[in-house]
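The values are calculated or read from the model by the stated rules, or taken from the named source; none is laboratory data. None of the values given here were measured: they were computed from a predicted structure. Cβ atoms come from the backbone with ideal geometry, glycine included; neighbour counts cover every protein chain shown.
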Amino acid sequence: MCEIKKPADLAMTQDHIVRATALRGMVRAFACRTTQTCRDAARIHGLSPIAAAALGRLMSGVLMLTQDLSEPGDSITAIIRCAGALEGMTVIGEQDATVRGTVLQPVVETTYYHPGKLDVGAAIGKGTLTVVRDMHLKEPYVGRVELVSGEIAEDIVQYLVISEQIPTVMALGVKMDKEGITHGGGLMVQLLPGADEDVISYLEARAAGFPDITWLMEEGMTPAQIIDLFLGDPDIAYHTVTPCGYRCPCSRDRMERNLIALGHDELAHLAAEPDGIELVCHFCATRYHFSKQSVENLLIHTHTAM
């Protein structure tokens, strides 16, 4: 483990996640800059401002959760299904700190709960948050909670407290202007086993009135400096800094496997299309065209496998 002594050592301009411990080892903290990650998602999906803010918050939260994953291929999937205009979102974060996501309704009316503050909670409304941790065991761990506010951070905290019994403070933000997304990121602070009541009271006091994450970023603060400001511990230890970003692992081979998984009858129906078929990845919008002959070849493969 690499211990980084000075927050200034982490003054990176690209998207990244910082992990630290503090308060006599009773607290761990994560903070991330996800500005470009949010921009990439908004561009790929053509998101309206409120959809971009909602998806950006969820991606930032999931990216910090991925820091507990240890093996390549491990992943965390967060699924929101809701009654609001967005209808739902899906975000998948990988062990390598890459993330991808999609929104069921990417373009919805932009509303504010006061000037400059997007009303993400109203666009989501009532619903559920399902979190799937896939660590290549026999069965993935699945937890589900009712949404608290639809503002994302409070909803992830609800999941962590109820499903994983981890007391957590979280703040997430996506800031925009007329040109698009200017800042995106988040902060997550968690109590470790053995934390005493004094530490709990201290964190509650620090959380009260803490500035918006995106405002701090506008002021030029790095994720490490945001952790330092929140915890106020001169003995804070910075352990890792991990680059993060938007990436989809889809490929033509994966799409072929998806087609084969449809089964012989469905594939035979698709093979009847004279111009072939086109598949579009939900996460990166990449288009894969399969000619009639290509689909027929896959159909032969399914027949020989039966």
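For the stretch 158-248, give me every one of the helices (runs of 4 or more DSSP H) that falls completely inside it and has 3 or more residues that are of a type outside the set (V, I, T) and over 24 Å from the mean Cα position of the chain (by Cα). Steps first, answer last, please.
Working: elements: 197-207, 213-218, 223-231.
Correct list: 197-207.
Quick check, is R100 of a type in the set (D, E, K, R), within 16 Å of the chain's Cα centre (by Cα), in the same structural domain as G150 (by TED's automatic domain parsing) and over 21 Å from T214 (Cβ atoms)? Outline the logic, then answer.
Values: of a type in the set (D, E, K, R): yes; within 16 Å of the chain's Cα centre (by Cα): yes; in the same structural domain as G150 (by TED's automatic domain parsing): yes; over 21 Å from T214 (Cβ atoms): yes.
Considered against the rule, which asks whether it is of a type in the set (D, E, K, R), within 16 Å of the chain's Cα centre (by Cα), in the same structural domain as G150 (by TED's automatic domain parsing) and over 21 Å from T214 (Cβ atoms), R100 comes out as yes.
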- Condition check for G150: within 17 Å of the chain's Cα centre (by Cα), surrounded by 14 or more Cβ atoms within 10 Å (Cβ to Cβ) and assigned to a strand (DSSP E or B): no
- Give the residues of the stretch 100-139 that are in a strand (DSSP E or B) and in contact with a His (Cβ under 7 Å, 6 or more places away or on another chain), sorted by residue number. T102, V103
- Item | Every residue from the stretch 250-281 that is outside any helix (DSSP H, G or I) and surrounded by 14 or more Cβ atoms within 10 Å (Cβ to Cβ) | C250, L262, G276, I277, L279, C281
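With the structure loaded, tell me whether Y141 is surrounded by fewer than 16 Cβ atoms within 10 Å (Cβ to Cβ) and under 21 Å from M176 (Cα atoms) or whether it fails that test.
Criteria not met by Y141.
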